[in-house]
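Contents: one structure, followed by commentary.
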Amino acid sequence: MEKKTYKSVQTKQKAAGWVFLAPATILIFVMSFYPMIRAFIISLQTGSSANLKWAKPIFYNYTRMFQDKKFLLTMGNTFLYLIIQVPIMLVLAILLAQLLNNKDLKCRGLFRTMVFLPCATSLVSYSLIFKSLFATQGLMNTVLKNLGLISTNINFLGTTGTARAVIIIALIWRWTGYNMVFYLAGLQNIEYSVYEAAKIDGANGWKTFWHITVPLLKPTIVMTFIMSINGTLQLFDESVNLTKGGPSFTTMTMSHYIYNNAFGKGVANFGYSSAMSFIVFILVAILAFINMKVGDTRD
Amino acid sequence: MKRKILSVVLAATMSIALFAGCGSSSKSSSGDSKKAAAVDTSKEGEHELSVYAWDKNFNIPALEAAEKAYQKKDPEFKLNIIEQSQSSDVENAITLAGSSNDYSTLPDIVLFQDHYINRYVHDYPDAWVDVNDADINWDDFGQEKISYSTIDNKHYGVPVDNGTVIFAYRTDLLKEAGYTIDDVTGITWDQFDEIGKKVYEKTGKYLLSMDGDGNDLPYMMLQAEGVSQFKDGKPNFVDNKTMVDIINVIVKLVQDNVLYLANDWSDYTDQTIVGDMVAGVMNGNWIIPTIEQVKENSGKWEITTLPTLSGKEGYASNGGSSLYITSNCKKTDLAKDFLAYTFGGGDGAKETYDDALTNGGVITTNVTCGQSDVYQKGVEYFNNQPIYQQIVQMGANVPTVEQSDYHYTAREQVAAAIHNILDGTDVTSALKDAQDQVEFSMGNDSNS
């Protein structure tokens, strides 16, 4: 009894704090950090999954990766998607947000819902819809043919250039609305009086956009950039469901290649797959870091 | 207030619906648990065996036939057939058990794809029990088929189906172009190309199609020549003259609109075959049910052998599976006896294979059972040709070629090489690239 009374209120509160923190901390450790450590250990091993041995030299899986033409190809594909898709998508999203933020626009709610709706579809089902749209006997070919733009059906998903384009179009369709919502939220936070002041000063729409909207939206833009880069580097569903990585691996993403190495046909190359996953992790970290530095508003 | 009530009502209905959904799904999954969930071989009765299989129109009827046949010997016998949704589920089950070093999740017997077994026996040696001492006359089987399941001179598997490649043609379309089935039997690939061009010109149909990503053509065409993509365990692409010739043929066929390369497997089956884009199909005979899906073409198809480079009749085999006993089997004697009595050519073999053919279209590789009466019957869909008998005869001629753990890696890389050649890369460098990639994959595993 006596002992308890000696404890100060502060210690008690601290103890309570730890008690509340403990479950979440333990869960994060067990569910998240422990697998990461295990994955790192596996990434240093080779052999069949029943009989993993330490690699010789220890970073064999990591050095080997840069001689793997296929891995480098998939990395190139992923960056191609990143470089083309992310800017187009974010510019579209910001323009749409600007349009839909217009107070005089009728049926705003309806339009916003329509733009956002693609995000409500699951990744697999929208990929399959795009697949059937762009199939050799699909709707797109029929439309183009009836319009007289093409004479024979195009094998969109079987040709490298068009297959990549289809993936990019699909990604833009799926994610523009999602990013637009962030911009809309950001725009709501900009005082209308700022725009009024700009109007009185004689700024036109273009100038207001560049000198008021964009700077004030900067934190949101940085966030969407990081999220999009992260999402694109981990791109998986579209590659698997739309093209299965074909033709000849030219549309395959890094994640898809990693998956194929771990769970693909007849191979269970967990060591090599884990090593590649860590490279993706490092890439995401570096890009996010650069982005945050570039977007840092504190001078 | 109204809004609050409305939202509460909505939330309530949604959660009820979700619960109901989950409830019913869990019910149905428990109902199906016999089919999908884990098995416990230690809880099985004395006369009970469990087996994984994946096709309820094909190999499951064959297993049911075997169960029925063995019940004549052992009336209490029960075969617990656990249906998997696809063959890769069985492979994943082995990978999972092997990786976790816990084989107790496996059934007594698994049906396993022939092209994969080599690699799985090497990767997970503890997962299998050999059937070397089972009472089976191995000489009574197609030797090419047995070569898959014989690993390091030990028999591991008992054959079920037959992967003999058929070349099926639409005789009505050939006729339109002025040819008969005899004109396409025993021809060279160059002659085939000429006929194909004519057919495309007259009917607008390709004479052949294939899945461009999982391209089985190089393997089958090479086997018909008696050549392998591998030599002494190493990929042999660039210096393999036959292979270079074959690849050149494939490229030329595509350029001449004779061969259509589909984007993936479902594109191949659904668009090109069922979608009526082609006048010919060349694949393992398990492709027959796919061809038969188009009811209105009944009677218009006929089968024959493969063209070759020299013009002799070509025989090949692709796909197919065998039954393997896992290390989790507690009653290996019963399992071996069951397999030997039924699929292994024992007293129940004729009954098993006859029913398997009638109910599932499974064709045997057992020479004796292939002479059974049911094989002599003509098949209406194929213009009353006795195709089963023909397939068994063709199967006996398939040359045995060197197999490899890396069959599918090679297939993938050669398919990519063909795409690259069509895009303008020259043949030698594309094949060199593919060969390097296969060697690269091999290098990873030899480092241990």
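Per-structure values
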read-out: Test: residue in the stretch A:204-212 that is more than 14 Å from every other protein chain (Cβ to nearest Cβ) and outside any helix (DSSP H, G or I); value: yes
read-out: One residue from A:Lys244, A:Lys218 being assigned by TED's automatic domain parsing to the domain that holds A:Leu99, among the basic types (Lys, Arg), within 22 Å of A:Ile172 (Cα to Cα) and free of Cβ contacts under 8 Å to residues at least 12 places away in the same chain; value: A:Lys244
read-out: Qualifying positions in the stretch A:251-276 - more than 8 Å from chain B (Cβ to nearest Cβ), without any contact (Cβ under 8 Å) to a residue 24 or more places away in the chain and not in a helix (DSSP H, G or I); value: A:Gly264
read-out: Residue list for the stretch A:84-109, filter: free of Cβ contacts under 8 Å to residues at least 40 places away in the same chain, surrounded by 11 or more Cβ atoms within 10 Å (Cβ to Cβ) and either in a helix (DSSP H, G or I) or not assigned by TED's automatic domain parsing to the domain that holds A:Glu196 (or both); value: A:Pro87, A:Val91, A:Leu95, A:Leu99, A:Arg108
read-out: Every residue from the stretch B:129-151 that is over 21 Å from B:Gly348 (Cα atoms) and acidic (Asp, Glu); value: B:Asp130, B:Glu144
read-out: Filter result (more than 21 Å from the chain's Cα centre (by Cα) and of a type in the set (Val, Ile, Thr)) within the stretch B:205-253; value: B:Val238, B:Thr242, B:Val244, B:Ile246, B:Ile247, B:Val249, B:Ile250, B:Val251
read-out: Hits in the stretch B:94-120 - residues which are buried (at least 22 other Cβ atoms within 10 Å of the Cβ), more than 16 Å from B:Pro159 (Cα to Cα) and more than 9 Å from chain A (Cβ to nearest Cβ); value: B:Ile94, B:Leu106, B:Pro107, B:Asp108
read-out: Residue check for A:Ala135: in the same structural domain as A:Glu196 (by TED's automatic domain parsing) and not in a helix (DSSP H, G or I); value: yes
read-out: Failed item, numbered, when A:Asn153 is tested on (1) of a type in the set (S, T, N, Q); (2) at pLDDT 85 or above; (3) surrounded by fewer than 19 Cβ atoms within 10 Å (Cβ to Cβ); value: (2)
read-out: Within the stretch A:52-70, considering residues that are facing chain B (nearest Cβ under 10 Å) and in a helix (DSSP H, G or I), the one nearest to B:Gly98 (Cα to Cα); value: A:Asn61
read-out: From B:Gly395, B:Gly424, B:Gly443, residue being over 28 Å from B:Val249 (Cα atoms) and not aliphatic (A, V, I, L, M); value: B:Gly443
read-out: A:Asn230 vs. criteria in contact (Cβ under 8 Å) with a residue 12 or more places away in the chain and in contact with a Lys or Arg (Cβ under 8 Å, 6 or more places away or on another chain); value: no
read-out: Test result for A:Ser248, touching a His at 6+ places or on another chain (Cβ under 8 Å), among the hydroxyl-bearing types (Ser, Thr, Tyr) and within 14 Å of another protein chain (Cβ to nearest Cβ); value: yes
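The values are calculated or read from the model by the stated rules, or taken from the named source; none is laboratory data. Bear in mind the structure is a predicted one, so any value in this text is a computation, not a measurement. Glycine also receives a Cβ, built like all others from the backbone with ideal geometry; neighbour counts cover every protein chain displayed.
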